[in-house]
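J.: Please see the structure below; I have some questions.
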Amino acid sequence: MKETILFDQGYEWIYFGRDLDKPEKIIDTNQYLIKDGNRCLLLDPGGIETFSSMLASITRHVRLEDISDLFASHQDPDIISSLRLWDKALPHTRLHAPWLWEGFIRHFGCNNIEYVGIPDDGGVLQLNRAKIHFIPAHYLHSSGNFHIYDPKAKLLMSGDVGAALEPIDSGIFVEDFSEHTKKMTLFHQRWMPSNKAKNDWISRVRELDIEMMAPQHGRIFKGEDVKRFLDWFEELDVGIAIKPFDKEEAA
Amino acid sequence: MIQNNHTEQRPFFALAATVAGTLESVMQIAREISIAAKNAKAIAERAGEKANGFRPITDYINEIGQEMITLVKAINKSALKVSRIAVDELRAEDAYQRLISAKAYSAENTPESIHQLILEATEALSINRAALENEKNKLIELLMAIKIQMRATAVISTCSRVEATRADEYETNLEAVAVNVEIASDKIKHIIKECDDLLNTSSVSRDFVRNFK
């Protein structure tokens, strides 16, 4: 699994992904760790199949007992189906996830970890030095969905927003934005259901000071590419699986 | 990164993954040994005849560094595989337990299909355990190999010190190389020891560690 330090000023943001050992048909996922002394937060820890390599990777950076908190942006299996394994490996931790999904996420197995439901309006989590904000991103794509914003690191972990489907050996950062849009278009058109939700999110995110936008699949956006992404996303029509209703055909 | 006494409650699949992660740092130290060998070689070249005894040792140090990198890669891969199989075992056990519960629900009217599924689950579990045992044994052999290499490194370090004393004005430089190799070797021994301790904390792995020792 590849890893890169994204931020290192008093605490660290570490990227993990491009797991070459994962089964071929499983989508590649990006995981992030905020390393902050004995209050470390693991973001979207991933699925069962990537659990072992993920665990081995994080132990290169932190002691397991220092992982005090987990975050699941939403309920998908590639985000948190490994919960039962984390529940055994890190029974002392708390899982911050949308309140809406508690009864569903618990199906993955959550006997020891404390489930802390994030209210619809979001909230704040103070680690040691890092203070992170849960940013509502409902319907992007899940009906209960959050992103994480760190004002000091100027980093937005944007879940499935900004995701791209790419080969496992791809780079970690976006290098040619217009080329990259080809790998994002269908993903966003099909997985994101609501233009209204999309535009609401864009208007709120434009208010944030962001240097890096880090999605859960694909590449990380830096600097001007963040604004380019927001402009591109604003123009994109999403929810394309719904065909216009044809009255004649229905009759 | 080495864990503390919380590891006692940690399941085996987590410990194996931790070992893989911990050993990654040995890779860096092995690279340092290779760099030390290259430095030593350059010094020995400069020293000419005065370092005649030292020159062949530098090739040996380099060889050990390279072999260690290969070994650590293999150990990482093996430990990760052990962890994955242990995860599979947990899942297979889950499936088995749930089928047993399903049988209990249906009491004496258990359909044949559930009996068949239990048989299959038992077989899957047994195959999985055999695979885990097999991979654990491979890991034991690899850890043993790295320990043997550590012993060889200690011998080389001693020889280096002896040869350094014959290199006149280059003695200090060559002595420093020997010290660097020794320090790197100590660090590796320390990490291997910690990996032993980690595995030793798991009840599942007791036999595994006992065999290793």
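The values are calculated or read from the model by the stated rules, or taken from the named source; none is laboratory data. Treat the numbers as computed from the prediction; the structure is a model and nothing was measured. Counting neighbours? That spans all protein chains shown, and the Cβs are built from the backbone with ideal geometry, glycine included.
J.: Which condition does A:His147 not pass, out of (1) closer than 19 Å to A:Arg228 by Cβ; (2) surrounded by fewer than 21 Cβ atoms within 10 Å (Cβ to Cβ), if it passes all the others?
T.: The failed condition is (2).
J.: So which strands (runs of 3 or more DSSP E) are wholly in the range A:45-135 and hold at least 2 residues that are touching a helix residue (DSSP H, G or I) at 6+ places or on another chain (Cβ under 9 Å) and more than 9 Å from chain B (Cβ to nearest Cβ)?
T.: A:67-71, A:94-98, A:114-118
J.: Any idea which of (1) modelled with pLDDT under 85; (2) surrounded by 21 or more Cβ atoms within 10 Å (Cβ to Cβ); (3) farther than 29 Å from A:Arg84 by Cβ; (4) within 31 Å of the chain's Cα centre (by Cα) is the one B:Ala44 doesn't satisfy?
T.: (4)
J.: Please pick out the residue among B:Val26, B:Val72 that is touching a residue at least 60 places away in the same chain (Cβ under 8 Å), buried (at least 19 other Cβ atoms within 10 Å of the Cβ) and away from chain A (no Cβ under 12 Å).
T.: B:Val72
J.: For the range A:32-44, how many residues are more than 14 Å from chain B (Cβ to nearest Cβ) and touching a helix residue (DSSP H, G or I) at 6+ places or on another chain (Cβ under 6 Å)?
T.: 1
J.: Looking at the range A:52-60, is at least one residue on the phi > 0 side of the Ramachandran plot and surrounded by fewer than 20 Cβ atoms within 10 Å (Cβ to Cβ)?
T.: Checked the range A:52-60: no residue is on the phi > 0 side of the Ramachandran plot and surrounded by fewer than 20 Cβ atoms within 10 Å (Cβ to Cβ).
J.: Kindly list the number of the only condition in (1) surrounded by 13 or more Cβ atoms within 10 Å (Cβ to Cβ); (2) without any contact (Cβ under 8 Å) to a residue 24 or more places away in the chain that fails for A:Glu179.
T.: Unmet for A:Glu179, out of (1) surrounded by 13 or more Cβ atoms within 10 Å (Cβ to Cβ); (2) without any contact (Cβ under 8 Å) to a residue 24 or more places away in the chain: (1).
J.: Looking at B:Ile118, B:Ile146, B:Ile114, can you tell me which residue is surrounded by 15 or more Cβ atoms within 10 Å (Cβ to Cβ), over 14 Å from B:Ala86 (Cα atoms) and touching a residue at least 60 places away in the same chain (Cβ under 8 Å)?
T.: Going through B:Ile118, B:Ile146, B:Ile114 in turn, just one is surrounded by 15 or more Cβ atoms within 10 Å (Cβ to Cβ), over 14 Å from B:Ala86 (Cα atoms) and touching a residue at least 60 places away in the same chain (Cβ under 8 Å): B:Ile146.
J.: Oh, and also: Here is a list of conditions, (1) buried (at least 19 other Cβ atoms within 10 Å of the Cβ); (2) not polar (S, T, N, Q); (3) not in a helix (DSSP H, G or I), and B:Val177 meets all of them except one; can you say which number that is?
T.: The number of the failed condition is (3).
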